[in-house]
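Accompanying notes for the structure given below.
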Amino acid sequence: MIELDNLYTKLTRVKEEMIVNQKYLNHCLQAKANAKRVYESFTKSSDQYTKQQFKRFLTSLIGREEQYIEKIEQSRTKAYKHLNECTETLEQAYLEQERLENERNRLTTQLHALKQQLNETSGPYREEVLEAFSERKHLRETCEEIDEAFYIGQKILRYVYEAIDALDSAKSWSTVDMLGGGFLTDVVKYDHIDKAESIMQKVEVGLMRYQEELKDVSYSWDSGYEYLSNSHRLMDFMLDNIFTDVSNYNKIQDNLSSLENLLNQITTSQNRLSALRKQVEIEIEQSLDLYELDKNQS
């Protein structure tokens, strides 16, 4: 089945070239649009024309009208030339994409015909078709597991952002407290702290579920979040001096740093999940191309 592998390799290479060329084509489209906008700016509106006329009048007063007109014409000619170059480049990109599409279709047709032939004449290929079907089922289950883990991760990230917002508010009120706030300042500050701690409880539950789902992804996280004890709160309310205020501020700042670190760790795990998902999708697509007889019919 070397012929099958070689044909698939050619098809894969053409598909990759199509992706690259499509990006280049999009770049050419944007370049032409920019060039067209620059060229049309010379004769876009009567208002601009009036401004140019007024500028020409001013330049005529000092004897430089000819230089001004020459400069405008040079700029217009340059813009027109650039527009033509962009148009030609875009046309070439379209032609290349068309050529690649035709080559892809040709190879796809050959691949389908070869698969049908092997299925009729090769026992080992028929066995691989059955094995590939079972493998794709497993790969799709893996995708579902990845999606579930990714969903949990996104939920954790939302919670962490909410906790950071609550602690940011608590930090602001803690600053006010150090500058001479009183009982009401403490009440508002701890209201935000309580909100953050309530959210962190959800985060910790989510992290346990997240860990259960991360079977094929390396991960490392530690929130390091420190909950404020009741005794600490009581001392802050009872003593309410600069020392307790500074201590609270530092604990809030430390918790904010911990949450930022956790945010980066979860984001890294999410990126690894996304990469793994794409890799599994590639494996499924490759299996379909090589062993699904009804795929790629022309």
Taking the stated definitions as given, is S169 at pLDDT below 95 and over 25 Å from E285 (Cβ atoms)? yes
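Can you tell me which residue within the range 107-116, out of those that are of a type outside the set (A, V, I, L, M) and touching a helix residue (DSSP H, G or I) at 6+ places or on another chain (Cβ under 9 Å), is surrounded by the fewest Cβ atoms within 10 Å (Cβ to Cβ)?
The initial filter retains those residues of the range 107-116 that are of a type outside the set (A, V, I, L, M), namely 108-110, 112, 115-116.
After this cut, where a residue has to be touching a helix residue (DSSP H, G or I) at 6+ places or on another chain (Cβ under 9 Å) as well, the list is 108, 110, 115.
On the way: T108: 19, Q110: 16, K115: 23.
By that ranking, first place goes to Q110.
This table checks each residue for (1) modelled with pLDDT under 90; (2) outside any helix (DSSP H, G or I); (3) touching a helix residue (DSSP H, G or I) at 6+ places or on another chain (Cβ under 9 Å); (4) assigned by TED's automatic domain parsing to the domain that holds Q22.
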| residue | (1), (2), (3), (4) |
| --- | --- |
| L100 | no, no, yes, yes |
| E103 | no, no, yes, yes |
| D177 | yes, no, yes, no |
| A196 | no, no, yes, no |
| Q201 | no, no, no, no |
Could you list, in sequence order, the residues of the range 57-83 that are at pLDDT 90 or above, surrounded by 13 or more Cβ atoms within 10 Å (Cβ to Cβ) and not hydrophobic (A, V, I, L, M, F, W, C)? Y80, H82
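The values are calculated or read from the model by the stated rules, or taken from the named source; none is laboratory data. Note that this is a predicted model, so its numbers are computed, not measured. We place every Cβ from the backbone using ideal geometry, glycine too, and count neighbours over all the protein chains shown.
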